[in-house]
1. In region B:93-109, how many are part of a helix (DSSP H, G or I), more than 12 Å from chain A (Cβ to nearest Cβ) and crowded, with 24+ Cβ neighbours inside 10 Å?
2. Just to be sure I understand, how many residues within region A:367-391 are of a type in the set (A, V, I, L, M, F, W, C) and assigned to a strand (DSSP E or B)?
3. List every residue pair whose Cβ atoms lie under 9 Å apart, where the two residues are 6 or more positions apart in sequence or sit on different chains, the first residue falls within region B:126-141 and is farther than 14 Å from B:G195 by Cα, and the second residue, located anywhere, is surrounded by fewer than 24 Cβ atoms within 10 Å (Cβ to Cβ) and acidic (D, E).
4. Quick test of your reading of the structure: A:A143 fulfils all but one of (1) of a type in the set (A, V, I, L, M); (2) within 30 Å of B:T403 (Cβ to Cβ); (3) touching a Pro at 6+ places or on another chain (Cβ under 9 Å). Name the failing condition by number.
5. Restricting the search to region B:373-405, which residues are of a type outside the set (A, V, I, L, M, F, W, C) and facing chain A (nearest Cβ under 8 Å)?
6. Considering only residues of region B:288-312 that are of a type in the set (A, V, I, L, M, F, W, C) and touching a residue at least 60 places away in the same chain (Cβ under 8 Å), which is nearest to the other protein chains (Cβ to nearest Cβ)?
7. Tell me, yes or no, whether region B:26-40 has at least one residue that is assigned to a loop (DSSP other than H, G, I, E, B) and under 27 Å from the mean Cα position of the chain (by Cα).
8. Report whether or not A:R408 is modelled with pLDDT of 95 or more, part of a strand (DSSP E or B) and within 14 Å of another protein chain (Cβ to nearest Cβ).
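The values are calculated or read from the model by the stated rules, or taken from the named source; none is laboratory data. Keep in mind that what you see is a predicted model, and the values were worked out from it rather than measured. Please note: Cβ atoms are built from the backbone with ideal geometry, for glycine as well, and neighbour counts cover all protein chains shown.
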Number of protein chains: 2
Amino acid sequence: MTYWCEHAVLPGGVVAGVLVEVDGERFGSVTAAAPPPDATVLRGLTVPGLANAHSHAFHRALRGRTHEGGGDFWSWREAMYAVAEALDPDTYLALARATFAEMALAGITCVGEFHYLHHGRGGTPYADPNAMGHAVAQAAREAGIRITVLDTCYLAGGFGPSGGQCDLTQPQLRFSDGDVGGWLGRVSRFDPGAGAKLGAAVHSVRAVPARDIEMVAEWAARGAVLHAHVSEQAAENAACLAAHGRTPTALLYQSGALASNFTAVHGTHLTAADIDLYGLNRATVCFCPTTERDLADGIGPASALRAAGASLSLGSDSHAVIDLFEEARGVELDERLITGRRGGHSAADLLAAATEAGHACLGWRGVGRIEAGAYADLVTISLDTPRTAGCPPTAATAVFAATAADVRHVVASGRVVVADGVHQLVPDVPAALSAAIGAVIHQ
Amino acid sequence: MTYWCEHAVLPGGVVAGVLVEVDGERFGSVTAAAPPPDATVLRGLTVPGLANAHSHAFHRALRGRTHEGGGDFWSWREAMYAVAEALDPDTYLALARATFAEMALAGITCVGEFHYLHHGRGGTPYADPNAMGHAVAQAAREAGIRITVLDTCYLAGGFGPSGGQCDLTQPQLRFSDGDVGGWLGRVSRFDPGAGAKLGAAVHSVRAVPARDIEMVAEWAARGAVLHAHVSEQAAENAACLAAHGRTPTALLYQSGALASNFTAVHGTHLTAADIDLYGLNRATVCFCPTTERDLADGIGPASALRAAGASLSLGSDSHAVIDLFEEARGVELDERLITGRRGGHSAADLLAAATEAGHACLGWRGVGRIEAGAYADLVTISLDTPRTAGCPPTAATAVFAATAADVRHVVASGRVVVADGVHQLVPDVPAALSAAIGAVIHQ
């Protein structure tokens with residue numbers, strides 16, 4: 001296939017008139033040129049594929065249901081557990097497929113699914129112990145996007161009274177493989193299939209004992225990425241300090257988890273020493289600003305992390321919103337609110353967080369750039385919607401003015417997934433969402 | 001006209017199946033009923049008309065051009081002045097009409113235009129000294145929405161060295177009527193015409209000497225609303241304290257401005273005494289969260305103001321974004337980020353800020369509610385878009401899940417302005433925006 005982009009964000013900046021040859025899943029050539037007669041013309045501003053580096057697909061069922069009223073992260077979690085209870089491989093496939101299709105419409109070509117809903121009710125394994133993991137990988141394939149299944153180790157219910165961990169609560173039983181050996185055994189038999197990678201996750205220092213974190217990190221060090229929720233809540237830091245005398249980040253470092261394959265999700269409440277550890281180890285921190293606003297988490301130290309040498313990626317996490325442009329500007333705008341200064345992050349840096357850095361932290365290297373050899377992802381933002389009309393074709397327009405609703409055309413791994421705003425594999429995404437959510441939630 | 005709403009937010013809450021009879025500009029009756037055969041059916045969730053209580057229409061030309069990089073409010077202001085320089089009554093009409101049409105597509109049925117671009121270049125009055133005010137009122141009529149022209153007194157360039165004020169800079173000359181008598185004389189001859197109200201504004205305590213604020217407040221007390229930018233920047237507070245020994249709010253109070261017809265725009269940096277003054281005087285504070293993020297202003301004390309008895313309204317101000325739902329959730333979400341707590345504002349309260357309270361602070365009383373006798377405004381949010389599918393028909397969905405792109409149908413003052421997402425008076429809003437912006441900006 002041959003595409004001609006009216007304007008495209010290339011590694012060196014925005015170029016007007018870019019001819020893109022696609023060879024299978026990859027870009028063959030990318031050159032500045034006039035449009036040949038046989039090219040598909042992409043009007044507007046084309047950016048690389050967006051990577052949603054932190055997703056819990058099933059949380060999409062909670063949109064519009066949990067944002068109001070009091071409570072905090074912990075009370076919100078109760079509502080989330082109620083949805084988890086209702087899922088099985090079939091309903092999970094349908095809900096994740098619809099959610100990933102919404103992502104594709106928003107220009108997301110790769111998702112990192114932080115997957116811990118492994119077993120049947122009460123913790124009983126399915127006949128195939130990886131039935132739920134297969135469902136989520138299949139959902140991404142059917143929605144036309146790539147996935148890294150971040151298979152999550154979840155063993156305990158929190159820090160216990162005397163250095164141990166608490167037992168799991170009833171809804172958490174489905175998340176657990178019993179012990180870290182159970183997790184290793186199951187994961188070693190899980191092949192997520194075409195267009196999918198397998199990664200590892202430690203749910204959090206609350207949910208995995210320190211000695212088991214070491215085992216997961218060792219497994220991941222043999223070629224997989226490793227993610228963990230870290231310091232989203234100040235309460236986690238306090239409990240970890242009380243139990244271990246160190247911060248969650250320091251505990252992960254001591255357990256061998258902090259390396260260039262590691263991504264700390266949130267990283268909202270970090271010490272200066274924590275920030276240095278991410279930088280020195282060339283790790284990534286994945287910010288999820290719309291979720292962090294919704295759950296009253298706070299504003300993480302994005303500029304300080306970048307200055308220390310860490311990478312930033314972005315996730316829509318609880319899917320209160322699925323709009324990576326909103327996440328990208330959220331990093332900069334929320335930082336402005338507490339510093340009183342603009343410009344901690346350039347638009348190009350924010351777009352890189354949403355694209356190349358996001359792919360890299362999911363194990364997809366050399367992706368998220370429009371250049372020969374990379375996976376052929378193209379996301380075209382209309383510059384003639386009520387929101388974008390009159391805006392210049394720049395990275396700043398993509399990051400600060402565009403919304404998910406302005407994405408018109410999406411190519412992922414060389415395949416047209418969205419054309420003129422219509423998903424090519426899931427033709428009625430809203431109907432798919434309504435049906436999948438209706439099957440698991442009763443309001 | 002007769003409408004039947006699948007779901008509607010009425011004063012008592014959401015009702016399924018609401019029959020609405022419109023009689024001219026007003027609602028005749030509003031009743032729960034089955035859909036009669038002759039009614040126009042509005043599928044989705046219908047809310048009252050949204051009021052954008054703080055707008056500078058011409059700032060729309062800056063979208064995508066000023067959000068990146070360093071600088072602050074003061075450097076941003078230089079870019080904004082460059083656009084102001086390029087405007088005359090014709091280009092202002094075209095730009096404001098296109099901007100107001102974008103607002104209509106987003107469900108906004110009434111705008112408060114904080115209008116200070118009064119005169120020709122160098123401050124020379126036009127043949128009709130209210131030519132620019134007429135242009136902005138006409139723009140709203142042609143875009144199908146109501147307007148309150150907040151005719152702004154702007155006389156000085158800031159606080160001077162010894163209790164006086166600085167001279168105006170060159171771009172500010174167009175804003176000034178020379179002295180407060182000039183402002184009073186011009187305003188007394190300004191009739192903004194049908195569908196429009198005339199209100200007053202003091203640009204800020206920087207731009208109007210205290211004795212002149214008294215004169216403007218006296219004029220407004222005879223039946224008009226009065227708005228002012230207040231404490232958007234900490235620097236304004238410091239300068240006001242140095243010049244007058246009191247905060248901007250206290251200075252406005254001392255000048256007789258703080259009454260129930262007064263709206264402080266922003267109110268970001270307020271003291272506890274300032275907050276009490278707004279509450280005791282039943283004044284309104286208009287928050288503009290997306291602009292306050294963009295300009296690194298900070299997060300205002302919304303919950304404290306409400307607790308003290310003040311009203312909250314909302315504005316899109318610089319139009320980096322035109323989405324009143326985003327402004328409404330921004331109040332709550334930004335507050336969560338600094339308090340660590342959710343639920344300072346209910347969804348119903350946030351929707352009231354975007355509707356009834358916004359209209360009230362613009363002088364439109366008994367509006368912003370779907371009830372007999374009120375102006376007949378209906379804004380229907382689709383519940384079958386990728387963003388809203390699966391969400392329940394509640395105020396929380398409107399405030400926390402919907403976006404401007406999800407508005408499908410808009411009735412303003414009894415007239416259909418948007419049908420199936422298409423503006424009925426400005427058929428191609430993006431083209432209108434592009435043309436109007438292209439005429440005044442060269443990048």
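1. 2
2. Step one: filter region A:367-391 for residues of a type in the set (A, V, I, L, M, F, W, C), giving A:367, A:370, A:372, A:374, A:376, A:378-379, A:381, A:383, A:389, A:391.
Add one more test, that the residue is assigned to a strand (DSSP E or B), and what stays is A:378-379, A:381.
Of the residues in region A:367-391, 3 are of a type in the set (A, V, I, L, M, F, W, C) and assigned to a strand (DSSP E or B).
3. B:Y126/B:D88; B:P129/B:D177; B:N130/B:D191; B:A131/B:D88; B:M132/B:D88
4. Going through the list (1) of a type in the set (A, V, I, L, M); (2) within 30 Å of B:T403 (Cβ to Cβ); (3) touching a Pro at 6+ places or on another chain (Cβ under 9 Å), A:A143 breaks only (3).
5. Initially, region B:373-405 is screened for residues of a type outside the set (A, V, I, L, M, F, W, C), giving B:373, B:375, B:377, B:380, B:382, B:384-388, B:390, B:392-394, B:397, B:403.
Selection gives B:D384, B:T385, B:P386, B:R387, B:T388, B:G390, B:P392, B:T394, B:T397, B:T403.
6. Keep residues of region B:288-312 that are of a type in the set (A, V, I, L, M, F, W, C), which gives B:288, B:295-296, B:299, B:302, B:304-305, B:307-308, B:310, B:312.
So of that shortlist, the ones also touching a residue at least 60 places away in the same chain (Cβ under 8 Å) come out as B:288, B:295-296.
Working: B:C288: 13, B:L295: 8, B:A296: 4 Å.
Among those residues, the one meeting the criterion is B:A296.
7. Looking only at region B:26-40, we keep the residues that are assigned to a loop (DSSP other than H, G, I, E, B), and these are B:33-39.
From the residues that got through so far, the ones that are under 27 Å from the mean Cα position of the chain (by Cα) too are none.
No, every residue in region B:26-40 fails to be assigned to a loop (DSSP other than H, G, I, E, B) and under 27 Å from the mean Cα position of the chain (by Cα).
8. Values: modelled with pLDDT of 95 or more: yes; part of a strand (DSSP E or B): yes; within 14 Å of another protein chain (Cβ to nearest Cβ): yes.
Yes: the conditions hold for A:R408.
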